[in-house]
Amino acid sequence: MPSATRLMCQIAATDRTFEREGTHWFGKCLICNGKLSFDARTGYGANIEHILPRTLDGDNALLNLGLTHPGCNAEKGRNWDPKRKRRADPDRYRQLVENLLRKRRDRWREPARECG
Ligand SMILES: [Zn+2]
């Protein structure tokens, strides 16, 4: 299994909004809370969101990662994460990151399954 797909499984397995049914995982986007599903074998359908971006030393710890719609991930990457945008409204940016980190913690569960 490609490492990105394995990581997506690990994120879904530790997010209590996600359940595996057949070939897909079904859950909720970390950013917009809308329904989100992706192919468990290819990862197609969802993106990995680095809540604290790698440019700010965010890492691959599972609590810093969420699953999102590709569009939500792109929107945050374009409108919030670039240095120039963060600096324009640092309080709002910090609040956004804190809210997402809190949401990820609130959704946390111990994984019930192994990921390939
Ligand atoms: Zn979304």
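The values are calculated or read from the model by the stated rules, or taken from the named source; none is laboratory data. Computed from a predicted model, the values in this text were never measured in an experiment. So basically every Cβ, Gly included, is an ideal-geometry build from the backbone, and we count neighbours across all protein chains shown. Ligands, DNA and RNA are stripped out before the accessible areas are found, and what is left, the full protein with its side chains, is counted by its heavy atoms. Shrake-Rupley method; radii C 1.70, N 1.55, O 1.52, S 1.80 Å.
Let me confirm something: among Gly58, Gly71, Gly43, which residue is away from the ligand (no atom under 15 Å from the Cβ), of a type in the set (Gly, Ala, Ser) and free of Cβ contacts under 8 Å to residues at least 40 places away in the same chain? Please lay out each step first, then the result.
Numbers: Gly71 fails: away from the ligand (no atom under 15 Å from the Cβ); Gly43 fails: free of Cβ contacts under 8 Å to residues at least 40 places away in the same chain.
Within the list Gly58, Gly71, Gly43, the selection yields Gly58.
The number of residues in the range 87-108 being within 16 Å of the ligand (Cβ to nearest atom) and surrounded by fewer than 16 Cβ atoms within 10 Å (Cβ to Cβ) comes to 1. Flag: Arg84 does not match the condition of being closer than 23 Å to Arg6 by Cα, away from the ligand (no atom under 16 Å from the Cβ) and exposed (fewer than 13 other Cβ atoms within 10 Å of the Cβ).
Residue count for the range 51-74 under the criterion of being over 22 Å from Asp106 (Cβ atoms) and not aliphatic (A, V, I, L, M): the result is 5. Among the residues of the range 32-83, those identified as closer than 13 Å to Asp15 by Cβ and hydrophobic (A, V, I, L, M, F, W, C) are Leu36, Phe38, Ala46, Ile48, Ile51, Leu62, Leu63, Leu65, Leu67. Number of residues in the range 25-36 that are more than 12 Å from the ligand (Cβ to nearest atom) and open to solvent by 20 Å² or more (accessible area, probe 1.4 Å): the value is 1. For the range 11-64, the set of residues classified as of a type in the set (A, V, I, L, M), closer than 19 Å to Glu75 by Cβ and in a loop (DSSP other than H, G, I, E, B) consists of Leu30, Ile31, Ala46, Ile51, Leu52, listed by residue number.
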